[in-house]
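In what follows, a single structure is set out as C-alpha cells and then discussed.
The values are calculated or read from the model by the stated rules, or taken from the named source; none is laboratory data. If you're wondering where the values come from, they're calculated on a predicted model, not measured in any experiment. Note that each Cβ is placed from the backbone with ideal geometry, even for glycine, and that neighbours are counted across all protein chains shown. When the accessible area is computed, the model is the full protein with side chains, heavy atoms only, and any ligands, DNA or RNA have been set aside. Shrake-Rupley method; radii C 1.70, N 1.55, O 1.52, S 1.80 Å.
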There are 2 protein chains.
Amino acid sequence: MHPDTRVEFPGAGVLRLAAVLCLCAGAASAGAATTPAPDTVAAQLRDAAMAGHTIAYNWVSELTTRFGPRPAGSPNEQQAASWAAARFKAFGFENAHVETFPITAWVRGSESATLVAPSPQPLVVAALGESPPTPAGGLEGDVVVFPTLTELKAAAPGSLSGKIAMVAQRMVRMQDGSGYPAAVGARVDGPHEAAQRGAIAFLLRSVGTDSHRIAHTGTTAYTDGHVPVPAFALSAPDADQIERLVALGQSVRVHLFSGASYVNGAHSQNVIGEVRGRERPDEVVMLGAHLDSWDQGTGAIDDGTGTAIITAALKLIRDLPHRPRRTVRVVLFGSEEVGQPVDPGSAFGGHAYVASHRGELATHVLTSESDFGADRVYELALPQAVSDTTFAQTALRILGPIGVLAAPRPAGDAGTDVGPSVEAGVPAFTLSQDGTRYFDIHHTPDDTLDKIDRAQLDQNVAAWAALVWLAADSDVDFRAHPGGAAH
Amino acid sequence: MHPDTRVEFPGAGVLRLAAVLCLCAGAASAGAATTPAPDTVAAQLRDAAMAGHTIAYNWVSELTTRFGPRPAGSPNEQQAASWAAARFKAFGFENAHVETFPITAWVRGSESATLVAPSPQPLVVAALGESPPTPAGGLEGDVVVFPTLTELKAAAPGSLSGKIAMVAQRMVRMQDGSGYPAAVGARVDGPHEAAQRGAIAFLLRSVGTDSHRIAHTGTTAYTDGHVPVPAFALSAPDADQIERLVALGQSVRVHLFSGASYVNGAHSQNVIGEVRGRERPDEVVMLGAHLDSWDQGTGAIDDGTGTAIITAALKLIRDLPHRPRRTVRVVLFGSEEVGQPVDPGSAFGGHAYVASHRGELATHVLTSESDFGADRVYELALPQAVSDTTFAQTALRILGPIGVLAAPRPAGDAGTDVGPSVEAGVPAFTLSQDGTRYFDIHHTPDDTLDKIDRAQLDQNVAAWAALVWLAADSDVDFRAHPGGAAH
C-alpha cells in the first residue's frame, strides 16, 4: 500500500453535494421503503454532478500526480491499485479489494531516431508496444514511404530487404472517433507486412490528429507470439518532413535505436469496489475503466478520467440516504493497454475478470466502460431488449437536458475491458463521448492532467450517475430473450 | 554549396504575380523616367502579395525541409547559407554573397531527465543554450521550487547546497509578446542565482504559453564567461506535476543528464543579396532576419518565415519592370540564437555585419527585421523623424486595408540582428506581428512548417513589400536631425 493513501480529498464539494441531495431526497425518505422514485433520484444525481464537484477531478489529479505513468506490470501501476482500493474503502465502498493476474510486461527503455541524410536532424518517435529492441548500436537504413498500408501490402516479397518501411497514412478527425479504426490497421499490421518483405524496421505516421512533435504509441499485432521487427510511430511533423524530402527527390536515411525489454513473471491487477443493492444484491450493474496507462504521459485522459468518472458516480450513489435495489460495482482494470495483442487473451484485466467471476456473470444485469477521455457525453445506446421501453424513455428524459441524444442503434461494442463480459452474455450500454480532440492526445506524452476540461468531466459523472441509478434501482431485464417480450 | 541548389521553385505563382504587375504598372512605364508613383506601385505590390503567391512559403518549406535545424556553427546552417546565396542569385538579386565570422558553437548532445521519487516518471526537458554538461553519469538531487525568480534571489547563501533549484513562474499570453520579457528573467538569471546559493543544477518552467510536453530552450546569462551549472527548461505539464507533488507534501527527487559540448573554431555567416537602386544606389534600406535556428525544431517560425518574408518582398520588387531609387538589401543573419549572451558581442551575425559594413552605415537610410513568426502584421511604427509626415500618412493609407494600424509610439527596439546597426545610428521601423500563439512554439521541437498560416504569411509579405518600396523609392530622410525639420 502506498504510504500516503490516508490523505483525504478536500471535502468541500462532497459536503455541498451531500447537502443538495439531502435537501431534495431526504424529506421523502426515512428508509428503503420510502425511497423516492428512481427518476427523481436520477435527476437529483445529475443536477448535483452538473453543479460541479471535486470527486472526479481530485481522483484523476491525485492518481496521475502520485503515480505518473502506470504501464502494465510496473510498480507505479501496482501502487496506484493499492491506493485506489484504499480510497474505495475510505469512500465507504463495499467488497473493496485487488485481484492480481500474471502478465509479461514490456518496458520501453531509452529510444531515439535521427534522420542522418540528407541533413542530420532529430526525429521524434515512440516504439510501438511490445516492439523488440534494436541491436545495441541501433540500426540504419534508407526509408521507403508507402502512402497507406494497401501499397505496403502490394510490395513484392524481398523488395524491402535492408530497408525501413514507412506508412504515411493520415488519420481523419471525427467526433465519434471513427477515424481511428480507419487508420489503425497500419499500426496493427504494418510491422509484420514490412518484415515479410524484408524490412529491418517499420515506421508509421502516428495514428493521431494533432500536429505536434509527439508520437502516438500503441500495440501492434503479433506474428508467432512477437512483434517481428522494431516498430516506431513518428510524430506528424516528422512524417511530413520525410514525405517532403522524398518529394524533393532526396534519399532519406534514418538511424533508429530502441532499448525495449520484456519482464517475465510480472503481474497486473483489477481493483473492485461496490455499493450493495438493498433488494437484489446479487444482481450487479458493472462499470469499468482501466487504471494502467501508456508510459510516456500520465494516463490522464486514457484512462484516469474513466476511472474518475465511474468512481465519482458510485461515490455520489454511496452518499445517498438510500441504496439502489441492485448492486453497483466498479472495476478498475489492469493491463488494458499493453496486453491487447495476446491471443488467446489472458493478459487483459478484462479476461482476468471473467475468469475470476464467471459464476457471477449470469446475474450481471448490465455493464459499460468509460475509456474515451472526459469530453462530454452526447449519445446513449441501450441494449436492444430495452430500446423501445419506458426505461429508455425515462433515461433519455433524464439525460436529454445535459445534451445526450438517443443513439440510432442499440449498444454494440462497449469497450475492451468489459468486452469479455459482454461476449459472455452481459448486456451493455454505451455513453458515447465527444472524441473530436481525443486523438490529439491519445497514447502520447501529452496525456497529462492539464488536458482535462472540468465542466465536461462533471457532465460525464452526471450522465453515469443518473443512468446507473436508473438501471440499478429497477428490476428491468436488459437481456434479450428470444421470443420473449421486453420488460 | 548544396548539391540541390539548382532546383527551382514552382513558378506558377511568380508568373501570375508578374502578370498582375505588368498589367497594372507596365502600361505607364517604359523606363525609369516614367516609373509610376510610389504609392501606386506599393499598392500593387500589396495586392499581388495578398492575392497569394508561393515565393515565401516555398522558401521556408524548402529551407526547413532540406536543412532541418540550423544551429549556429553547424553544417546545416552553413549549407543553408550556401543554398540561400545561390537562390538569391537565381532570383536575380545583386551582390549575393556569404560573409563568414568565427564563433564557438554549442552542441546539445543527448539529454534526459527523470523524476525518480516519489514514483518514477520521465520528464521532458531541454538544456538551455550554452549550458554545461552534467557529469557522465548525470546528477541527482532534491528539487526546491521557487514561485518566481524573486523568491530564488531571496534564498540565503548556501541554502541550496546539493539541491536542484526550480523556478515555476508562468508566462502570460499577450498579443504583442509582452509576456516574454516579463518572464524571461528567470531563464536569463536563474542559473547563476541558483549556483551562487549552492545549487547543483537549475530547472525552469519553460518560458512559453503552451501546455504540451515540449520544452522551450533559450540562452541564459554568463558568469565569468560561462553558464555556471547545468540548466534545463521543463515542459509546462512537467512543471505542473512537480508543483502538485510538492503541494501534496512529497519530496521530489530528479535525475538529470546532459551531454552538451562546445566546438571552438566554428564559424557562422551572414547571407546578403540586394536590388540596386536606380538613382541613389549607395543609399540602402536594409532588411534582416536570421537563418540559424534552435536545434530541436526546424526553425520554421523562428526564423524561417522571417527570411522568407524579406526575401519574398525583395523578389516582388526585383520582378517589377523598374527599380526603386535606393538599394534594398536583405541580410540573413547567422548565429542569432545561441550567440546572445556573449558580451561584448562578436558572435552575433548582427555584430559581424556592423564590423564588416561600418563604412556603409552612414548611408543605410532605414532598417528593420522580421523575427516574430508569420502571423499577421497589425501595427507600423516609423522613426520619430517621419512620424507626422506625408510619408507616414501614405504608408498607413497603403497598409490600412490589410489591417495595419499606426503604432502609438515611434519605432524603438527593432530586433536583435539589426540592433547593432540601429545603435550605430541607422533609423528603424517595425511591423509588429500578432504574437498570440508565437510562444506556444518558440524555441521548441514544435517549431516546424505545419505551424505556418499561409494567408497570414502572405499578409506579412504584402506589408513588407509595400512599405519597403515606399521607403526605397523615396528620398525621405529618416534620420533625426536636432533642430532640423522632418522631410
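A few comments on the model shown:
- The same position B:Gln384 in the other copies lies at 8.4 nm from this copy, comparing label points 7 Å beyond Cα toward the beta-carbon, shortest first.
- Note on B:Gln456 and B:Ser387: with the Förster distance fixed at 35 Å, the Cβ-Cβ geometry gives a FRET efficiency of about 0.85.
- Protection-proxy order for peptides A:307-317, B:297-307, each taking the mean of Cβ atoms within 10 Å per residue, highest first: B:297-307, A:307-317
- B:Leu248 paired with A:Leu405, simple spin-label distance in nm, labels 7 Å along Cα-to-beta-carbon: 3.9 nm
- Think of a 1.4 Å ball rolled over the protein heavy atoms: the stretch B:418-487 then has 30 Å² of accessible area per residue.
- Alpha-carbon centroid distance for the pair the stretch B:386-438 / the stretch B:129-197, whole angstrom: 34 Å
- Relative to the other identical copies, B:Val107 shows label-point distances of 3.1 nm, where the label point lies 7 Å from Cα along the Cβ direction and values run shortest first.
- Carbon/sulfur fraction of accessible area - chain A, other protein chains in place, 1.4 Å, %: 55 percent
- Across the copies of the chain, B:Pro408 has label points (7 Å from Cα along Cα→Cβ) spaced 5.4 nm apart, shortest distance listed first.
- Shielding of peptide A:68-75 by partners, expressed as the average count of other chain Cβ atoms within 10 Å per residue Cβ, is 2.
- Helix-derived mean residue ellipticity, 222 nm - over the protein assembly as shown, DSSP H n ≥ 4, -39500 (n - 2.57), to 500: -9500 deg cm²/dmol
- Number of partner chain Cβ atoms within 10 Å, mean per residue of A:234-243: 3
- Centroid-to-centroid, using Cα positions, the stretch B:213-255 and the stretch A:198-270 are 29 Å apart.
- A cut-off under 10 angstrom between Cβ atoms defines the neighbours of A:Thr448, and their net charge, with Lys, Arg +1 and Asp, Glu -1, is -3.
- Note on the protein assembly as shown: lysine pairs with Cα distance below 18 Å, sequence gap of 8 or more or different chains, count 4.
- Charge tally in the Cβ shell below 12 Å around A:Asn270, where Lys, Arg are +1 and Asp, Glu are -1, A:Asn270 excluded: -4
- Seen from B:Ala385, the other residues with C-beta closer than 13 Å to its C-beta sum to a net charge of -1, counting Lys and Arg as +1 and Asp and Glu as -1.
- Applying 1/(1 + (r/R0)^6) with R0 = 30 Å to the Cβ-Cβ distance of A:His226 and B:Val116 gives a FRET efficiency near 0.45.
- Across peptide B:112-121, the average count of Cβ atoms from other chains found within 10 Å of a residue's Cβ is 4.
- Solvent exposure of the stretch A:107-165 amounts to 39 Å² per residue of accessible area, where only protein heavy atoms count and the probe is 1.4 Å.
- Annotation for the A:B interface, with buried accessible surface near 2700 Å², both sides summed [1.4 Å probe; non-protein components not counted].
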